[in-house]
Amino acid sequence: MIELQALSRHYLLGGEEVKALDQFSINIAAGDYISVMGPSGSGKSTLLNQLGLLDTPTSGSFRFDGVETTTLGEAERAKLRNNQIGFVFQAYHLIDRLTALENVELPLTLAGTDPSLRRERASELLIKLGLERFLHQRPQQLSGGQRQRIAIARAVITQPRLLLADEPTGNLDSHSGASVVELLEQLNNDGITLVVVTHDADLGARAERQLLMVDGQLSSESVLSKGETSDAPL
Amino acid sequence: MRLSDQLAFSLQLFLRQKFRTLMALLAVSIGVMSVLLLTGLSEGARKFVLQEFSLLGKDTLIMLPGRKETQGGLPPLTGESSRDLTLEDAAALNRLAEVEYTVPLIAGLSEAYAGGLNRELIVLGSNERLLELRGLSLQQGRNLPMSSDQTRSPVAIIGAGVAQELFPASSPLGEWIRLGDRRFRITGVLEPSGVSLGTDMSNAVIIPIQASQQLFNSPGLFRLIIKLYSADQLKTVQPAMLNLIASRHAGEPDVTLITQDALLSTFNQILGVLTAAVVGIASISLLVAGVLIMNITLISVTQRTAEIGLLKALGAPQQTVLGLFLLEAGILALIGALLGVILAVILLTLAHLNWPAMPLQIPLWALVSAVSVAIGVALLFAWLPARKASRMDPVDALRGVANAN
Ligand SMILES: Nc1ncnc2c1ncn2[C@@H]1O[C@H](COP(=O)(O)OP(=O)(O)OP(=O)(O)O)[C@@H](O)[C@H]1O
Ligand SMILES: [Mg+2]
C-alpha cells in the first residue's frame, strides 16, 4: 500500500542542515501494525508527518496505492488526508467548543457530508467503540484517555486505510494508555493499517513490525508473529 | 464544507467570544450609523432647500436689476450705475407674446403698528398674482386689487403669524395696520404656510407695489418675476427680453435673468459637495471598523493556530480555511451594518418628529453603499490574516507555531 523510496526531509536550523529524515525507505502493506521507536530527535514525528501528507519531503519518493504523492497539488493531498489517512496526536487536538459527537463528525463536515448522514455515522461509530456515554459532552469534561479515544474515533470516521498515531499515550497514565492502545489494536484487527510512534517500550513491543530509528534513518526492524502479540499483557 | 456548516462554525465562535464579537459589531454599526445619519441629514437639507426653491416653476424667470456676470464677478462699480428696473419695464415685458404675467417685488423691513401693539415686519410690495405664483392661499378675506385698477388703494394682506401677534383676540379683517407713516386696511390673511423662497411668509405683510414704492421711496423694483405660458419658451424668450430692456435702458441690457434650473443646479452643486465631504468624514469610522476587524481576525488566527493545523490535518483545503475566517469577518460586518442601519433609521425618525419640515430619509444609494462598503472593508481587511491562516504549514500550526511560509 505504501512505498517510501529514499525519502529525505532536511531542515535548515541556524544555517546548519538537519537531516530529520535521511534516505528513508520502507514498504507498508495493508493491515500492518507498525511501531516506531527511537531516541528523541531521531525523526519519528518527521516520518509520521510525511506518511500523513502533512509535510512535503526534500527529496525521494512516496507512493500511496501506487500514486506518487510528492508531485500532487495541495488540494489533492488535502483530499487524501481527509479520506485515506487518520491522524492521532499526543495532544488530542479536540475543539473545545464542539461536543464529542461534533468533533468526531468534523472530517465529514469538512468533506461536505450531509448533516444527518454524518451524525448517524458518528453516533454509530461512537457506540461501536463503546464511547456513546460521551456523545454530548465537551472535551474539557472528559479525562485524557476519554479524549484520546474520541480523537481516535474522529481519525477513523471517514474509514481511512491508514491510521497514524504520534505518541498517543504520551500524556496518559498507564491505565488510560491501555484503553487507548486497546482501541487502536481493535481498529487494526478490523483491517486498518496502523503506525504508532512511541517512547513506551511495552507498547512498541506489541506491534508486528517494530522499527528503530536513529538520526533520521532506519536502524533496525524486528518482526513479531501475530500469535505473540495477542498474548502480551497490556 | 457546506455553507450552513461554516455558518454554524462561526456562530459557535461568536458565542465563545461574546466580548470580542460585541466590540466588532459595535464598531461596524457605529461606522455605518454615522455614515447614514450624516447622509440622511445632509440629503434632508439638500431636499429641503431644493423643495423651497423649486416653488419657482420651470416656466418662470426672475429678473434682477444690474448685470451680474455668470462667472461671479463684482457688479459694475464704475461708469453708469445700472438703471432701475421699473413698473414700466414690467408692463413692456408683459406685452411680449410669450409672457403670461409678471409679478414685481419690492421688499423691506418696516415697523408695524396695530391695535396698540407694534413689531418689525417684512413688507413685500407686489401685485395680485403673487399668491398664485407662490402657491399661497388666503385663510380669510380677499386678494390685492387688480393692478390694472389704478386706484392705489391702501390695502394689505398679512401673514398668519402677524395676525396672531397683532390681533390676538379679534379678526384682523377690515382693521387698520400702520407701516411707517402710512395706514393700510387689512383685506386678507394668509394660510399658515412654511417658508417660501427664503421668506417666512407668516411674518410678512403684502401691499400693492405702488404703495411699497412710496413707502420705501424707491421707484426701482427689487426683482421682477416673469411667468411664461410655456416652459418650452424659456430659452428663446431670454434674448428678446434682454433686447427689450436694452432698448428701454439706453442700449444697455443691465439686468440679470435667473431660471429655476440655474438656481437649483447651483444649490445642488454646493450641497452635493457638502454631502460628499460629510460622507467622506463619516467613512473614516468605517475604516476604523475595518482595522478593528482586521485585528480581531488576526487575534483569532493567532489564538486558533493549533485548530487551523488540525483542520488542515483533517483534510480542509486552503480555501476552506480562508473561507472560514472571511466568513467570520463578513458575518460580523453584515450584522454590524444591519444594526447600524436600524440605529440610524430610529435616530432619523426621532429627529424627523422634532423637525417635520426636513425630509429626513436615508437615500437608497447611501444605504446600499454603506452596507456594502462595511462588508467590503471587513473582507478586505480580514483577507490578509485569513490568507495567512490558509497558508500555514500544518505541522507548525499543530505545534502552535503561527508562522506561515
Ligand atoms: N520545523 C522544524 N524546523 C527545524 N528543525 C526541525 C523541525 N522539525 C523537526 N526538526 C528537527 O528534526 C529532527 C527530528 O525531529 P522529530 O520531531 O522528527 O523527532 P522525534 O523523533 O519525533 O523526537 P521526539 O521523540 O522528541 O518527539 C530534530 O533534530 C528536530 O530538531
Ligand atoms: Mg516526536
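The values are calculated or read from the model by the stated rules, or taken from the named source; none is laboratory data. For clarity, every value in this text was computed on a predicted model and none was experimentally measured. Cβ atoms come from the backbone with ideal geometry, glycine included; neighbour counts cover every protein chain shown. Side chains included, ligands, DNA and RNA excluded: accessible areas come from the protein's heavy atoms. Shrake-Rupley method; radii C 1.70, N 1.55, O 1.52, S 1.80 Å.
Model label sites at residue B:50 and residue B:185, defined 7 Å from Cα along the beta-carbon direction, differ in position by 4.7 nm.
Assuming R0 = 25 Å, can you tell me the calculated FRET efficiency for the pair residue B:91 and residue B:231, based on Cβ-Cβ distance, to the nearest 0.05? Before the final figure, lay out each step's value.
Working: r = 23 Å, r/R0 = 0.93.
Here the calculated transfer efficiency is 0.60.
Only loop residues by DSSP count here, and only those with at most 13 other Cβ atoms within 10 Å; note down the chymotrypsin sites (Phe, Trp or Tyr not before Pro) in region B:184-243 that meet that. Of the chymotrypsin sites (Phe, Trp or Tyr not before Pro), the ones in loops of region B:184-243 whose Cβ has at most 13 other Cβ atoms within 10 Å are B:229.
Take chain B and mark each of the GluC sites (Glu not before Pro) that is in a DSSP loop with at most 14 other Cβ atoms within 10 Å; the longest unmarked stretch, sites excluded, is B:81-405.
Percent of accessible area on the protein assembly as shown owned by carbon and sulfur, 1.4 Å probe? Please list the in-between numbers first.
On the way: 16700 of 29270 Å².
Summing carbon and sulfur atoms, their accessible area is 57 percent of the total for the protein assembly as shown.
Structure remark: mean-square fluctuation, Gaussian network model of chain A, C-alpha springs under 10 Å; the largest value among A:137, A:159, A:146 belongs to A:137.
Relative to the longest principal axis of the Cα atoms of chain B, the long axis of helix B:3-16 makes an angle of roughly 90 degrees.
Pick from A:162, A:13, A:126: which is most flexible by mean-square fluctuation in a GNM of chain A where alpha carbon atoms under 10 Å apart are linked? Per the Cα network of chain A with a 10 Å cutoff, A:13 tops the list.
The Cα center of region B:90-131 and the Cα center of region B:353-405 differ in position by 59 Å.
Here each label is just a point 7 Å from Cα along the line to Cβ, and for residue A:71 and residue B:119 those points are 9.6 nm apart.
With contacts taken as Cα pairs under 8 Å and at least 6 residues apart, chain B reaches a relative contact order of 28 percent. What is the extension gain from residue A:58 to residue A:23, computed as 0.36 nm multiplied by their sequence separation minus the C-alpha to C-alpha distance, in nm to one decimal? The span from residue A:58 to residue A:23 would gain 11.6 nm if fully extended. Label positions at residue A:30 and residue B:19, each projected 7 Å from the Cα along the C-beta direction, are separated by 5.4 nm. Based on protein heavy atoms only, the protein assembly as shown ends up with 46 Å² per residue of surface accessible to a 1.4 Å probe. Its Cα centre serving as origin, region A:2-223 has a Cβ charge dipole (Lys and Arg +1, Asp and Glu -1) of approximately 560 debye. State the antiparallel share, in %, of DSSP beta bridges confined to chain A, rounding to the nearest 5. Expressed as a percentage, antiparallel bridges in chain A total about 55.
Kindly provide the trypsin sites (Lys or Arg not before Pro) of region A:4-99 that DSSP labels as loop, not H, G, I, E or B, and whose Cβ sees at most 13 other Cβ atoms within 10 Å.
none
Ordering A:6, B:35, B:22 by the projection of their Cα atoms onto the charge dipole of the protein assembly as shown, which places +1 on the Cβ of Lys and Arg and -1 on the Cβ of Asp and Glu, puts B:35 at the extreme positive end. The accessible-area loss of region B:362-405 on complex formation, taken against its chain alone with a 1.4 Å probe, reaches 40 Å² or more at B:395, B:398.
Restricting the count to DSSP beta bridges whose residues both fall in the protein assembly as shown, what percent are antiparallel, rounded to a multiple of 5?
70 percent
Between the helical axis of B:260-303 and the longest alpha-carbon principal axis of chain B there is an angle of about 20 degrees. Are there residues in region B:304-351 whose accessible area shrinks by at least 10 Å² when all protein chains are included rather than the chain by itself, and which are they (probe 1.4 Å, ligands and nucleic acids not counted)? Those are B:306, B:307, B:310, B:311, B:312, B:313, B:314, B:315, B:316, B:317, B:318, which lose 10 Å² or more relative to the chain on its own. Between 0 and 90 degrees, the angle of helix B:364-390 with respect to the longest Cα principal axis of chain B falls at about 20 degrees.
For chain B, the tally of Lys pairs with Cα-Cα distances below 27 Å comes to 13, considering only residues 8 or more apart or on different chains.
Sequence-distant contacts, meaning Cα pairs under 8 Å at least 6 residues apart, place the relative contact order of region A:158-220 at 35 percent.
Here residue A:222 and residue B:342 are evaluated by their C-beta separation; at R0 = 56 Å the FRET efficiency comes out at 0.20.
Just to verify a number: FRET efficiency for residue B:4 and residue B:107, C-beta to C-beta distance, R0 = 51 Å, to 0.05?
Working: r = 69 Å, r/R0 = 1.35.
Using R0 = 51 Å, I get an efficiency of 0.15.
Using only side-chain charges placed at the Cβ, +1 for Lys and Arg and -1 for Asp and Glu, the dipole size of the protein assembly as shown relative to its Cα centre rounds to 1280 debye. Here region A:96-113 is scanned for amide nitrogen atoms under 13 Å from the site 7 Å beyond the Cα of residue A:120 along Cα-to-Cβ, giving none. Interface size, chains B and A: roughly 2200 Å² of accessible area buried, both sides included, 1.4 Å probe, rounded to the nearest 100.
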